[in-house]
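Working notes, beginning with the structure itself.
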Amino acid sequence: MTKQEWPLYEVFIRSKSGLSHRHAGSVHAADDEMALNNARDTYTRRTEGVSIWVVRSDQIVASDPAESSAFFEPAEDKVYRHPTFYDIPDEVENL
Amino acid sequence: MTDKNVLAAYATRLGDNALIIGQRMIELVAAGPELEEELANANFALDYIGQARMFFSYAGECEGAGRSEDDFAFLRPEHEYQNLLLVEQPNGHFGDAIVRQVLFDSWYLALLEVLTRCSDEGISDIAARACKEVRYHLRHSSQWLVRLGDGTDESHARVQQSLNDLWKFTGEMFVPDDLDDEMRSAFNGPHLEVLETQWRADVAAIVAEATLDLPDDQWMASGGKQGRHTEHFGFLLAEMQIMQRTFPGATW
Amino acid sequence: MYTQGLDQSGRGDSAKSGGESKEQLDAFQARIDAEEKIEAKDWMPEAYRRTLIRQISQHAHSEIIGMQPEGNWLTRAPSLKRKAILLAKIQDEAGHGLYLYGAAETLGVSRDQMVADLLSGKAKYSSIFNYPTLTWADIGAIGWLVDGAAIMNQIPLCRCSYGPYSRAMIRVCKEESFHQRQGFEIMLTLCRGTEEQKAMAQDALNRFWWPSLMMFGPNDSASKHSAQSMAWKIKRFSNDELRQKFIDVTVPQADFLGLTIPDDKLRQNEETGHYEHSEIDWQEFFEVISGNGPCNKERMAKRRKAHDDGAWVREAARAHAAKKADASAAA
């Protein structure tokens, strides 16, 4: 039996119905159930949440910061995706 | 006893169980097996202390003699505490504490569930709040019992021993005394023999999942409800009461 | 502060470069200067990473060891209300330790490694937690002075350049807002109580005043890592600046309580408005930091015992998880 530490889980909390889950931090836990318990006992001590997600940190697929320019900058010049790009006369309503 | 006296005495007894198990859990602060478990332990101890405060305050209200929650907690002699012997047992190792929690919480939860339907609103309100807390505690401690029972040979052996050692303190949970009878007849309180059937089934299921054996029927210790405690209890009280005893009447 | 050990140990370590080019370093510094946050996977100089790991883990260790002096009074708290408040506070400290270990883990060091460094004595924690708590008033003094000093340091850390550390500190500061107030309230209750209680409060102030000032670390002239940490926006104010600020806000609070600060040279400079004080006993500070304080051995012994006693429990949980994983893979 190796004396390895318990795996790391990322914790996401929904603070109230209608909002999406948001990253709160991490906990260590030996199994999924324990991860949920630990997240509850660590991150909702002040009634911060109504729902918790936990996911093992090594299961998250993330974009590479070194490639962030190729990944994200092309979106910057597509201004036509934003409503303010369009010039509509003031007298036109409900648009 | 008048109805109000029954309620005062019964609420005090409930408060005693919550306070003493809470005090034992407090002794475990900064001694947990992992940091996350520190947070859990503190949450549970806070729940129990909160319950003790509510029960004692209500007892004082029913009694009508002006006693505060702190008077109940700190200024009674040992023989007036009516908590179960189980909750005053020293913490031992982590497995001992987990077994104590499972045995106590499975009884306490069943009791509280009945009390949420009792005919006294004061007790039923506190029981309803406590129920939610204790249900979560039991989830936590029974999951841990399964981990330890099923984990390694060492953990299995240790926790089986804990179960064997603490089993003798479970008998008195189901032996009604006059107060239990009065609470039942006047306020539709718990029927302890019925509770025992449910408790046995609940505990047997957890113990089986933990791959452990239920201890054989055996001699059962008793005396908590009568205020006759184990030797450990005097030390617990001496430590807990020292400030109120040393500085009578001071405000903190 | 909680990371005052940084100012002593491992000198020069963080100055070692990781073979980065000047262009990389300049680009990094430009991001910092533009107040951009650095995130876990972003490129960063090796020395920045190492400094942060040391600072954040020392901060975490301080939270964990800091549970002990206060925990010492949990079973004896004088009322149920005080018992609950103190327990909630100590639990917060465990939580803060956890958030901070989590922030350090994003830099590629495991919690196991950090804990091992603490237990072996390699990693430091704040000197303040090596002083004993002898009376209930010490619990008040810790909340008022020690948490007060900690807040001075932690609020600027909310703006630290490293994102995960800054986010952890925001959470810590939010939760800690009640800690100092509850301490002051304990002191106030004692000072308005019996003569015996007031004497207890004065005694606690006498014992905790100087160690609280030492929490800010050595004088700026003797502090090795400040300049680089300031440039990297890990640190935003110098030790002496923060210490002065603490003294200036605390002296009037002591006056309000009717307590006397144990420093006969303490006086307010009318021109600057700041309080001037006697020299701090740095010899005592260095002794405590290097392991010779009144409670260093007890604190470490308790932490080691908890860790050792928990070994079979942690192992059992892993073994059970592995069995369950095998069973579900086979199904």
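The values are calculated or read from the model by the stated rules, or taken from the named source; none is laboratory data. Remember, it's a predicted structure, so these values are computed and weren't measured experimentally. Every residue, glycine among them, receives a Cβ derived from its backbone with ideal geometry; neighbour counts consider all protein chains shown. These area figures cover heavy atoms from the full protein model, side chains too; ligands, DNA and RNA do not enter into them. Shrake-Rupley method; radii C 1.70, N 1.55, O 1.52, S 1.80 Å.
Let a ≥ b ≥ c be the square roots of the eigenvalues of the Cα gyration tensor of chain C; is it rounded (a/c under 1.5), or, if not, prolate (a/b larger than b/c) or oblate? Cα axes put chain C in the oblate bin.
Remark: for residue pairs C:LYS245/C:LYS302; C:LYS122/C:LYS235; C:LYS224/C:LYS305; C:LYS37/C:LYS302; A:LYS16/C:LYS174; C:LYS265/C:LYS302, the C-alpha separation exceeds 27 Å in C:LYS245/C:LYS302; C:LYS224/C:LYS305; C:LYS37/C:LYS302; C:LYS265/C:LYS302. Only helices reaching 27 angstrom along their own axis (Cα) with mean Kyte-Doolittle hydropathy no lower than -1.0 count here, and for the DSSP H runs of chain B these are B:3-26, B:35-63, B:94-115, B:121-150.
Evaluated with a Cβ-only charge set (Lys, Arg +1; Asp, Glu -1), the protein assembly as shown carries a dipole of roughly 800 debye about its Cα centre, given to the nearest 20.
Between the listed residues C:ALA30, C:TRP144, B:ALA52, the Cα displaced farthest toward the positive end of the dipole of the protein assembly as shown, a dipole computed from Cβ unit charges relative to the Cα centre, is found at C:ALA30.
Divide by every residue of chain B the summed helix terms, -39500 (n - 2.57) for each DSSP H run of at least 4, and state the resulting mean residue ellipticity at 222 nm, rounded to the nearest 500 deg cm²/dmol. Please report the intermediate quantities before stating the final value.
Details: 10 runs with 172 residues, N = 252.
So the calculated ellipticity at 222 nm is -23000 deg cm²/dmol.
In the context of the full set of protein chains, residues of region B:3-246 present 36 Å² of accessible surface per residue (probe radius 1.4 Å, heavy atoms only). Between helix A:32-43 and chain A, what is the angle of the helix's C-alpha long axis to the longest principal axis, kept within 0 to 90° and rounded to the nearest 10? Tilt of helix A:32-43: around 70 degrees. Note on region B:3-246: percent of Cα-Cα distances in each 5 Å bin, starting at 0 and stopping at the bin with the largest distance, equals 1, 6, 14, 19, 20, 18, 12, 6, 3, 1, 0, 0.
Charged side chains reduced to their Cβ positions (Lys and Arg at +1, Asp and Glu at -1) give region A:8-81 a dipole of some 540 debye around its Cα centre.
For A:GLY25, the residues whose amide H sits under 5 Å from its own are A:VAL11, ignoring neighbours fewer than 5 places away on the same chain, with H placed 1.01 Å from N.
Residue order by solvent-accessible surface for A:VAL50, C:VAL172 is A:VAL50, C:VAL172, largest first, with ligands and nucleic acids left out and a 1.4 Å probe. Excluding residues on the same chain fewer than 8 positions from C:LYS323, give the lysines whose Cα lies under 27 Å from its Cα. C:LYS323 reaches A:LYS3.
Using a cut-off of 25 Å between Cα atoms, the listed pairs B:LYS132/C:LYS89; C:LYS89/C:LYS324; C:LYS41/C:LYS124 include C:LYS89/C:LYS324; C:LYS41/C:LYS124 as exceeding that distance. With the charge dipole of region C:77-118 set up from +1 on Lys and Arg Cβ and -1 on Asp and Glu Cβ about the Cα centre, the Cα lying farthest toward the positive end among the listed residues C:MET114, C:TYR101, C:ILE90 is that of C:ILE90. Phi angles of region C:55-60 translate, via the Karplus equation with coefficients 6.51, -1.76, 1.60 and θ = phi - 60°, into HN-Hα couplings of 5, 5, 5, 5, 5, 5 Hz per residue; Gly and Pro are given as x. Take chain A with all the other protein chains still there, run a 1.4 Å probe, and you get 72 Å² of accessible area per residue. Counting only residues at least eight positions apart within a chain, or on another chain, the aspartates and glutamates with an alpha carbon under 13 Å from that of C:LYS233 are C:ASP33, C:GLU35, C:GLU36. Accessible surface of the protein assembly as shown, 1.4 Å probe: 52 percent of it comes from carbon and sulfur atoms. The simple spin-label model puts a point 7 Å past each Cα toward its Cβ; for C:VAL249 and B:PHE235 those points are separated by 4.3 nm.
Take the alpha carbon atoms of region B:8-70, find their center, do the same for region A:34-95, and report the distance between the two centers in whole angstrom. Measuring centre to centre over Cα atoms gives 43 Å. Inter-chain neighbour count for C:104-117: the average number of beta-carbon atoms from partner chains within 10 Å of each residue's beta-carbon is 2. In whole angstrom, note down how far apart the Cα centers of region C:262-330 and region C:63-86 are. One Cα centre to the other: 16 Å.
Surface calculation, 1.4 Å probe, protein heavy atoms: C:LYS37 sits at approximately 80 Å² accessible. By definition, a body whose alpha carbon gyration tensor gives a ≥ b ≥ c is oblate when a/c is 1.5 or more and a/b is not larger than b/c, and region C:165-223 fits this oblate description. Ligands, DNA and RNA excluded, the heavy atoms of A:TYR80 present near 110 Å² of accessible surface to a 1.4 Å solvent probe.
Expressed as a whole percent, the proportion of Cα-Cα pairs in the protein assembly as shown lying more than 42 Å apart is 34%. Sorting B:MET220, C:MET300 by accessible area puts them as B:MET220, C:MET300; the probe is 1.4 Å, largest comes first, and only protein heavy atoms count. When the Cα centres of region C:163-195 and region B:83-156 are compared, how far apart do they sit, in Å? Cα centroid to Cα centroid, the span is 32 Å.
Placing unit charges on the Cβ atoms of the charged side chains and taking the dipole of the protein assembly as shown about its Cα centre, the candidate lying farthest along the positive direction among A:VAL92, C:SER161, B:PHE174 is C:SER161.
Counts of other chain beta carbons within 10 angstrom of each beta carbon in peptide B:40-51 average 5. Partner shielding of C:81-94 amounts to 6, given as the average count of beta-carbon atoms from other chains within 10 Å of each residue beta-carbon. Just check region A:8-81 against the gyration tensor rule for me: Cα atoms, a ≥ b ≥ c as the square roots of the eigenvalues, rounded for a/c under 1.5, and otherwise prolate or oblate depending on whether a/b exceeds b/c. In terms of gyration-tensor shape, oblate.
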